[in-house]
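Some notes on the structure that comes next.
The values are calculated or read from the model by the stated rules, or taken from the named source; none is laboratory data. In this text the structure is predicted, and so the values were computed from the model without any measurement. Counting neighbours? That spans all protein chains shown, and the Cβs are built from the backbone with ideal geometry, glycine included. Heavy atoms of the whole protein, side chains included, go into the accessibility calculation; ligands, DNA and RNA do not. Shrake-Rupley method; radii C 1.70, N 1.55, O 1.52, S 1.80 Å.
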Amino acid sequence: MDHGNRPKGFTRAGDETSCHLYVANCGPTVGISFDAIKTAFKTFGLVTGVQPADASGTRVIVSYSEENAAREALKAWNGRSCPDFSGRVLHIRYSVRRSPCKVSDSIPISLEAFELGVPGLRLMHDFISDEEEQELLAAVDSRPWKKLAKRRVQHYGYEFNYDTRNVDAKQFLGKLPTFVSRILEKVATFPDLSEDDRVNVDQLTVNEYPPGVGLSPHVDTHSAFDGPIFSLSLAGPCIMELRKYSQATWVPPREGSKQMEKDGIDCTSNSIRRAIFLPSRSMLLLSGEARYAWHHYIPHRKVDIVDSNKIKRGSRRVSFTFRKVRRGPCRCEFKEYCDSQRGNSEYVK
């Protein structure tokens, strides 16, 4: 059995039993969908979830509602051929959740998106290789940067206007650069995307963050962008916090404002807060509720604490954010957060 890639967010159970199973030798890469895995494993009991164990696409975490169901599945299929998967031999062991990490303000930090319980949020680790990361960084460094108050940016396809928090769909800058062609191919085949989320992205914003600089809480403007948002982290990790406010009335601070520079700003206590660790070369997907109703935010600090370890942010962090420019008003189901349906574009970015 391959123990080389231990699932993030879970750890080996040792002698413990668990309702979670680490299953190797099945997954999307070998032509077995998560739905097919769930259908096969529900033979033994109620399956509450199937998640990728890592970025390989060949290892998953299968979670049951009861431990005895997990025990029966392990007993029946570990080291044996599975008839539901054309006789493929599965390697199974128990797995348990790691305790959530904590930051100074006591917000748990998750290592996997599914731990947060935010619908529409996905994180794929090792989305690109080390070599691809260096090639992308070299490509943007060979092109001119635009300086903002605290960071540098590049725009492709369409330019984002930080004053209006929108784009002018009539001002087309040209097709996305060829150095992201491979990324676009992988985005198009992102696992388990719904049909509504399979859009042809046509706008790219590249952000470069120096040490200590983050991003103010915001929801990407509904009227500006259609469908999901993909964000690729390069050159260094960070923590991203997500907040859902009970009332969509809070206006995030403007770019470069004094309020924006304060760490942990929160103008109301009526919010749900979640946090996730974004490692370098990971791809974050915001779709559905996560995209339209949750603010995302990168704290302004030089050191993050993850799993009791201090992780110093590097000399820079670069993000590639891919989006689809919207033609026409937004008609999403999250009306209270939607500038198109509220007739107000000032509370989102």
task: Starting from residues that are of a type in the set (S, T, N, Q) and under 15 Å from Gly117 (Cα atoms), keep the ones in the stretch 47-66 and report whichever is most open to solvent (accessible area, probe 1.4 Å).
output: Thr48
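Conditions tested, residue by residue: (1) at pLDDT below 90; (2) of a type in the set (Asp, Glu); (3) closer than 28 Å to Glu112 by Cβ.
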site	(1), (2), (3)
Phe190	yes, no, yes
Asp220	no, yes, yes
Leu232	no, no, yes
Gln247	yes, no, no
Gly256	yes, no, no
Cys267	yes, no, no
field: Criterion: hydrophobic (A, V, I, L, M, F, W, C), out of contact with any helix residue (DSSP H, G or I) (no Cβ under 8 Å at 6 or more places or on another chain) and open to solvent by less than 30 Å² (accessible area, probe 1.4 Å) - qualifying residue of Val199, Val167
entry: Val167
- prompt: Of the numbered conditions (1) of a type in the set (Asp, Glu); (2) crowded, with 17+ Cβ neighbours inside 10 Å; (3) farther than 25 Å from His296 by Cβ, Glu133 satisfies every one except a single condition; which is it?
  reply: (3)
Members of the stretch 154-164 found to be out of contact with any strand residue (DSSP E or B) (no Cβ under 6 Å at 6 or more places or on another chain) and crowded, with 16+ Cβ neighbours inside 10 Å, listed by number: Glu159
- request: Considering only residues that are open to solvent by less than 10 Å² (accessible area, probe 1.4 Å) and small (Gly, Ala, Ser), look in the stretch 19-46 and name the one that is modelled with the lowest pLDDT.
  value: Gly27
message: Condition first: over 23 Å from the mean Cα position of the chain (by Cα) and either open to solvent by less than 30 Å² (accessible area, probe 1.4 Å) or under 24 Å from Gly236 (Cβ atoms) (or both). Can you find one or more residues in the stretch 179-193 that meet it?
response: no
query: Looking at the stretch 227-242, is at least one residue in a strand (DSSP E or B), over 21 Å from Asp126 (Cα atoms) and either of a type outside the set (Phe, Trp, Tyr) or under 15 Å from the mean Cα position of the chain (by Cα) (or both)?
result: yes
field: All positions within the stretch 288-337 that are of a type in the set (A, V, I, L, M, F, W, C), assigned to a strand (DSSP E or B) and in contact (Cβ under 8 Å) with a residue 40 or more places away in the chain
entry: Ile298, Ile305, Val306, Ile311, Val318, Phe320, Phe322, Val325
field: The one condition in (1) at pLDDT below 90; (2) open to solvent by 30 Å² or more (accessible area, probe 1.4 Å) that Glu333 fails to fulfil
entry: (1)
message: For the list (1) modelled with pLDDT of 90 or more; (2) farther than 30 Å from His295 by Cα, I need the number of the one condition that Ser95 fails.
response: (1)
